[in-house]
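The values are calculated or read from the model by the stated rules, or taken from the named source; none is laboratory data. All of these numbers come straight from a predicted model, not from anything done at the bench. Please note: Cβ atoms are built from the backbone with ideal geometry, for glycine as well, and neighbour counts cover all protein chains shown. For accessibility, only protein heavy atoms count, side chains too; no ligands or nucleic acids. Shrake-Rupley method; radii C 1.70, N 1.55, O 1.52, S 1.80 Å.
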Amino acid sequence: MKWNKVMLITCIIGGILLLKIMLSVTNIFRYYKIPVIVNEPTIRKGSYVFCSRFATPKVLDFICFRGITPNGNETLLFRLCGLPGDIVEIKNGMLFINGVNVDDKLELKNEYVISEREFYKSAALQNEEDLYILRTTSDSLIIFLSKTFIKNENIDARQVIFPTSYLDSAIYQVFKRNWNQDQFGPITIPADKFFVLGDNRHNALDSRYLGLIDKKDFLSTVVIP
């Protein structure tokens, strides 16, 4: 009787492990631990997401795909912001898809300038996890924050928006256009291509830098962010 219980438990554990391997290998259903901050505040570094290749991706879904970065071939995760035939444009830091401002419905991180004094008087800022800071002058900082955080904590901050006169050489190498992170497009997404963006808009190596994503490189859609 005791032996039968051991066998039953062993079979159950083995079955669970086998199912996990099959689901992971086939991409029917798998999970990823997020090691980066490119999609904050929506998907935080260190969190888990669950994905399925049988969930048809829609605009503004998060998707996983194969991509080539400076580190080589990687599995990447970004928000899908353009399907074949869509017209995508970023104007003054705001994303428009087919002429509609979609950033109004998203919680994003952007680049803000705040004074050093403002930073040190805010306990919330000093306690914020994964705070990415760039010093610009002796008395001001550039910080990546969300509008909601700034509003809730009553922080005096100015959003950084690159003007049309600023040329991003890395974007130019990909698209051969005088565009930058905040002034991009319009571009019509070709057949069999996707356009993706990170929610941490000034801190993401997304389609603006990697180029358009081949649909054949699509792996899965995030179903539980």
Does Asp86 satisfy the criteria of being closer than 25 Å to Phe149 by Cβ and modelled with pLDDT of 95 or more? no
Going by what's in this entry, would Tyr166 be described as in a helix (DSSP H, G or I), modelled with pLDDT of 95 or more and open to solvent by 20 Å² or more (accessible area, probe 1.4 Å)? no
If we keep only residues of the range 112-151 that are open to solvent by 60 Å² or more (accessible area, probe 1.4 Å) and in a strand (DSSP E or B), then the residue farthest from Asn200 (Cα to Cα) is Thr137
Qualifying residues in the range 102-152 (those that are touching a residue at least 40 places away in the same chain (Cβ under 8 Å) and among the β-branched types (Val, Ile, Thr)) - the one farthest from Lys91 (Cα to Cα): Ile114
At pLDDT below 95, in contact with a Phe, Trp or Tyr (Cβ under 9 Å, 6 or more places away or on another chain) and closer than 26 Å to Glu128 by Cα, is that true of Phe78? no
Scanning the range 190-225 for residues that are touching a strand residue (DSSP E or B) at 6+ places or on another chain (Cβ under 7 Å) and basic (Lys, Arg), the one farthest from Gly82 (Cα to Cα) turns out to be Arg201
In the range 173-204, the residues that are open to solvent by 30 Å² or more (accessible area, probe 1.4 Å), modelled with pLDDT of 95 or more and within 13 Å of the chain's Cα centre (by Cα): none
Quick check on my filter: what residues within the range 86-104 are open to solvent by less than 50 Å² (accessible area, probe 1.4 Å) and part of a loop (DSSP other than H, G, I, E, B)? Asp86, Gly93, Val102
Could you check how many residues of the range 55-81 are over 14 Å from the mean Cα position of the chain (by Cα) and under 23 Å from Val223 (Cα atoms)? 6
Would you mind stating whether Pro84 is of a type outside the set (Asp, Glu) and either within 17 Å of Leu219 (Cβ to Cβ) or without any contact (Cβ under 8 Å) to a residue 60 or more places away in the chain (or both)? no
